[in-house]
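To start, the structure under review is shown below, and the notes come after it.
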Amino acid sequence: MFRLRRSINCDHNATTPVSLGVRKAMVKELAGSQANASTPYREGRKAAFLVSQARLALAKALTAEPESLIFTSGATEANNCLRTIAKLLPSDRRTIIYNPMEHPSVLEPLKLLGSEGFTLIEAKPDCLGRIEADHLRELWTVQVSLLVMMAANNETGTFYDLKAIVRLAHERGALVFSDMVQALGKTRVDLGALEVDYASFSAHKIYGPKGIGVLYIRPGAPFAPLIVGGSQESGLRAGTECLHNLAGFGQACREIPGLLEKIPDLRRRKEHFIDQIKAELPTVRINTPSGEESQPGTVSLTLAGFENSHLLGQLDYHGLEVAAGSACRTGANEPSHVLLAIGLSPEEARSTLRVSFGHNLTDGQLKYVISIFKMILSGRESGAITVVRPGELTEELVFSKNISIIHIKRYPKFKGPSPLPTSRVIALGDKVAWEALKPSGPLLLTCDVGYDAPIMAWSLKRRGFKELSFLAAGLWGLKIAQPDLWTRLRSADNYALIKARDHIDAP
């Protein structure tokens, strides 16, 4: 939100920066024809040709037939096609085996299928997230007709032996759906050799644009469209094509060979980072397999004695962008399901960071990243911000006239009373409101589940705010630690006492 002294993206599993080549391809298309690819006249035919060229580029990158690829709005849409695919399964074989470490865009459709009569069998990963074909064989029943197994995990970086897993499933007459978003550009993908039945991909994980993905359907595999209402994509996915995104996706696929060439250097930098962190903090737990069993740039670190929410704020203050888990789950009050699946306790999960380096990381940038991590982990960070634990919050602090409280909301159009009677609500993305804020005495930041407040506390520190504190674990933690206090603070009487001063309506 605010300008950083230095900015290094260490969260490439969340998204990647658009490459220069992709940017040029998209600008060229935006500046050119805006015809509909379904129209028969010349400009429409040119648009249709662009769609076909993007499909060919992706087919080459995946070693697949162009006709087997359906463009979607992203991998989330492609993964949601699980719902229509599953309903085509034989009525006497409605059992699905799945990896519990899947992305939420896979787990949520599976959950819905479970509520609709499908039987779900959860595989059990080991401490590094690996699932072997032998383990799946032990789980198998004659009713299994679909196996859901990602190619690479977005939090731990673990690669799965899809070839062996697909062979097992096909021997038993089952289909395989694989979220391969985190594999493309990080290992060679050959769909023809893998023989997977369905696979999803996303452009913005390979230095392409957001808002476009693809679903691969092996020739002959059953499929019913999730979105209907048009003849696009051979009638399998309705909707007018987004030409500039297609141009960007196609170019990103053409650049994949260059990404693969950089894998050894990226893996070397990751291993050096791990070695340096181990030297500074010998108790660190590495949740990522070593060598070629994991993505070249991803490492999951459990840092005993540290809270990931506070670490995110400190690292952001120094310009390092890292994650506590999947970007789609940031802001949730429960610990990462991926980390719980590999055996971490909720406390350990909340002490875990995911660092994912990109191919553009230089040795100089890596040196800076390591120096900041070492400074923070060693306790040498200067000008620490006060952490208020949920059990330490008191009514006196909340109602003190000398302390300003700001509650941070994720949604800019939030309407309703402030969560605490004396707090002012500012949306996380309300740049105008944050920039208008001036240092004027002690400031306590709160948020719903504990991630946004430390980030903004360190951002305000950068702007010169001196007396800063934040509520650890957010209001979610307060409700659990002090339910009686939470009830008292939320009473209508307390809101009425300060309504005139802060213009807050009672709940």
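So the values come out like this:
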| item | result |
| --- | --- |
| Gap separating the Cα centres of segment 76-95 and segment 109-137, nearest whole Å | 15 Å |
| Number of Lys pairs (Cα under 19 Å; 8 or more positions apart or on different chains) in segment 386-502 | 11 |
| Inter-label distance for Ala433 and Tyr368, nm, one decimal - labels placed 7 Å from Cα along Cα-to-Cβ | 3.1 nm |
| Student exercise, segment 20-254 dipole from Lys, Arg, Asp, Glu Cβ charges, in Debye to nearest 20 | 820 debye |
| Under 23 Å from Lys278, Cα to Cα: lysines that are on another chain or at least 8 residues apart | Lys270, Lys367, Lys374 |
| C-alpha center-to-center spacing [segment 174-198, segment 234-272] in angstrom | 14 Å |
| Which of Thr95, Thr16, Thr283 has the fewest Cβ neighbours within 10 Å, and the rest in rising order | Thr283, Thr95, Thr16 |
| 23 Å Cα-Cα reach of Lys28 towards lysines, excluding residues that sit fewer than 8 places from it in its own chain | Lys46, Lys60, Lys205, Lys210 |
| 20 Å tail of the calculated P(r), segment 386-502, as % of Cα pairs | 37 percent |
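Quick note: the coordinates plus some simple rules give every number you see, no bench work behind them. Note that the structure is a prediction, hence the values are computed from the model and not measured. Cβ atoms come from the backbone with ideal geometry, glycine included; neighbour counts cover every protein chain shown.
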